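The values are calculated or read from the model by the stated rules, or taken from the named source; none is laboratory data. This structure is a prediction, so every number in the text was calculated from the model and none was measured. Note that we place each Cβ from the backbone using ideal geometry, even for glycine, and neighbour counts take in every protein chain shown. We work out accessible area using only protein heavy atoms, side chains counted, and drop any ligands, DNA or RNA first. Shrake-Rupley method; radii C 1.70, N 1.55, O 1.52, S 1.80 Å.
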Amino acid sequence: MTIMKKNQIKTVKGFNEVLPPESFRWRLVEDKFRNLLEGYGFAEMRLALLEPTELFSRSIGGETDIVEKEMYTFSDRSERSLTLRPEGTASVVRAFNQYSLGKISEINKLYYVGPMFRYERPQKGRYRQFHQLGAEVFGEASFYQDAETLVMLAQFFQALSIDGIILQLNSLGCEDCRPAFREQLQSFLLERESLLCGDCQRRIKENPLRALDCKNPSCREVVVDAPQINESLCGDCREHFSGLCGLLDDVGLDYQINSKLVRGLDYYTRTTFEFLAGDLGAQNAVAAGGRYDRLVEELGGKMTPAFGFAIGFERLMMLAGDKLGPLSSPFVTLIPLDEEALRRLFPIYVKLNRDAGIATLGLQQKSLKSQLKKADKDGAKYALIIGPDELEKGVAICRNMQTKEQTGIAFTELEETLRRLYQD
Ligand code: HAM
């Protein structure tokens, strides 16, 4: 536990930061994500963190928990309402329209990595600043795209040796079939209005689907018998959904259909999904997303079908745990036993790191014992020790950290010998 002194400043509550050595693990996973996505033809976007508030109320929806209760919104010095992005999709769509990306290429596959901000009650796996690895595909309406993206996500979890993840799927229909379902759901909810929480009662008229997603126990009980959206799908939506399920069956990707999976954001059409992990406890969705064929147009662009997902980075790391294997370690640790030895080792330290690209640590003036202990902890392959005796003889001690075998290397041959050992 860290003890804070009275006058020290702390992070804002729920803002998750990543410290070493965890940050090394994060980078390892991030690199795997980038490599996988770039292999599938995705390119990275580095997006603005702060957006006009309207972007989120128009995309995520005014009557959602995110927009009503969870956004970090404030006015800047020109009295313009700005919001720290609670998610990435709206920003990617904003950028897609702003830079006319649809004109540059027919299919756009974009990914992003970074922090998101939601004023939620912090708990294990839920933070106010958290991080997402996300991706969006524009310009492809076919269920093949949905399937390809889901298979890619499953492949990513597999590459991290994370198993036991369940894929849940649903279809929310389209502007042709959803209105009838909405009405049906509305009358169902109105008949049971007194049993619903305040939010759901208030949203019955404008956004009844939110009740299906409500975490309130009494609302959950009410919606058990609610009409099922997948029974109201039009022919095209049904075909899209069964086409997707068929492709997943063909490649052996298991899934469960969950007709209550409406997601907490309003922009979805047709496919929605979540990858759930029992090991995560209450906050069990490690990744989620779906299709949003209307959003580009709703935000002022040309009608463009789209599909995407976001992985919760913190939750992913809880699952990846120790399965990531050893972190990268230094090749050699340089151990000077006095000031003069430090002076002698410094040029070698620079040459190995800078010219030879050999990861080299050390140059601390601590006891031999504690430096060897640290080299061991860092996973160094060799330790190079120079003290007064070695300076006198002009020969350094090179210790193989695994076998504990020690050999002498003449100062004049130090760099070359280490380069050779590194290449072996
Ligand atoms: P979302 O379900 O709101 O979807 O978030 C995606 C993932 O981010 C969640 O499954 C979870 O792992 C993680 N997450 C969300 N909130 C928190 C939090 N407070 N603390 C920690 N992790 C959290 C979206 O954000 C959509 N933009 C996904 C998408 C992309 N749909 C289409 N394209």
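At a glance:
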read-out	value
Per-residue SASA entry for R25, accessible area with 1.4 Å probe, Å² rounded to 10	50
Selected from C174, C219, C398 as most flexible by GNM, with the chain as the system and alpha-carbon contacts under 10 Å	C398
Carbon + sulfur, % of accessible area of segment 172-268 - ligands and nucleic acids excluded, 1.4 Å	45
Per residue, in Å², the accessible surface of segment 332-423 once ligands and nucleic acids are set aside, probe 1.4 Å	60
Flagged links, alpha-carbon separation over 26 Å, of K377/K404; K109/K260; K369/K393; K323/K404; K10/K366	K109/K260; K323/K404; K10/K366
Sorted peptide list for 123-136, 221-234, criterion being average Cβ within 10 angstrom, highest first	123-136, 221-234
Rounded to 5, percent antiparallel among DSSP beta bridges of segment 332-423	55
Cα centroid of segment 57-93 to Cα centroid of segment 300-323, whole Å	19
Convex hull volume of the chain per residue (C-alpha atoms, cubic angstrom)	208
Selection from F331, I397, G300 lying farthest towards where the dipole of the chain points positive, charges on Cβ	I397
Cα-based convex hull, segment 332-423, per residue volume (Å³, whole number)	85
Potential lengthening between Q158 and I257 on full extension [0.36 nm per residue; Cα-Cα distance subtracted]	33.5 nm
Cross-link partners of K103 among lysines (Cα-Cα below 25 Å; sequence separation of 8 or more within a chain)	K302
For segment 200-264: Kirkwood Rh in Å [reciprocal of mean 1/r, alpha carbons]	13.7
With every protein chain in place, segment 352-416: carbon and sulfur % of accessible area (1.4 Å)	48
Shape parameters for segment 1-135, alpha-carbon atoms, Rg then Dmax in Å	17.3, 57
Estimated FRET transfer efficiency when R0 is 35 angstrom, pair C197-Y144 (beta carbons, to 0.05)	0.30
Max mean-square fluctuation residue, GNM over the chain, Cα-Cα springs under 10 Å, options A95, A310, A356	A356
Viscosity 1.567 mPa s, temperature 4 °C, Stokes-Einstein D of segment 163-286 from Kirkwood C-alpha radius, µm²/s	84
Extended-chain gain in nm, criterion 0.36 nm per residue less alpha-carbon gap, F346 and Q8	118.1 nm
